[in-house]
Amino acid sequence: MSYQAAVMFVAGLGIPVLASLNAALGARIGSPAMAACALFLVALIAAASVAAVSGPKPVHLLLSAPKHLFLAGLFVAFYILSITWIAPRMGVGNAIFFVLLGQLVGALIIDHFGFLGAKAFPLDPWRAFGFVLMAAGVWATQKPGF
């Protein structure tokens, strides 16, 4: 396994941990939105620290980037707010399984068409089989006694 795959594997492990911690914080303080704000503040400090250590980057390049690229922040906010609110109600595992299913569908569409500047990887029978297999796995985890 390459180091890139290992980093992404660890990032994947962090998603349910993030969901559990932030859901617990939101339930404890009675406000999923305020828990999300706290998460974003900690994330901003962490990301700014890494940016500071990685060397100077021209801010004007960030400011001149196409504005649609900043929509990613809305997707992060939606994910954090929704997982913080829903995980205590349906369980972290169930919530993450549906997130995973959404990621699979989104990744297939982006890869197939090469959307958003991604390299195109057309859907072929093997990739379709892999998707169906993974989606069946997500479905199976939702069936009691399966």
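The values are calculated or read from the model by the stated rules, or taken from the named source; none is laboratory data. A quick note: this is a predicted structure, and the numbers were derived from the prediction, not measured. FYI the Cβ positions are ideal-geometry reconstructions off the backbone, even for glycines, and counts take in every protein chain you see.
Values as computed for the structure displayed
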| read-out | value |
| --- | --- |
| Given (1) modelled with pLDDT under 90; (2) farther than 20 Å from Gly12 by Cβ; (3) touching a helix residue (DSSP H, G or I) at 6+ places or on another chain (Cβ under 8 Å), index of the condition Phe115 fails | (1) |
| Single match in Val92, Val7 (criterion: under 22 Å from Thr141 (Cβ atoms) and either touching a Lys or Arg at 6+ places or on another chain (Cβ under 6 Å) or aliphatic (A, V, I, L, M) (or both)) | Val92 |
| First in the stretch 87-103 and in a helix (DSSP H, G or I), second anywhere and among the polar types (S, T, N, Q), Cβ under 6 Å, 6 or more apart | Val92/Ser20; Phe97/Thr141 |
| Some residue of the stretch 51-66 being touching a helix residue (DSSP H, G or I) at 6+ places or on another chain (Cβ under 9 Å) and either in contact (Cβ under 8 Å) with a residue 60 or more places away in the chain or part of a loop (DSSP other than H, G, I, E, B) (or both) | yes |
| Residues that are at pLDDT below 90, small (Gly, Ala, Ser) and closer than 19 Å to Arg28 by Cα, drawn from the stretch 46-94 | Gly91 |
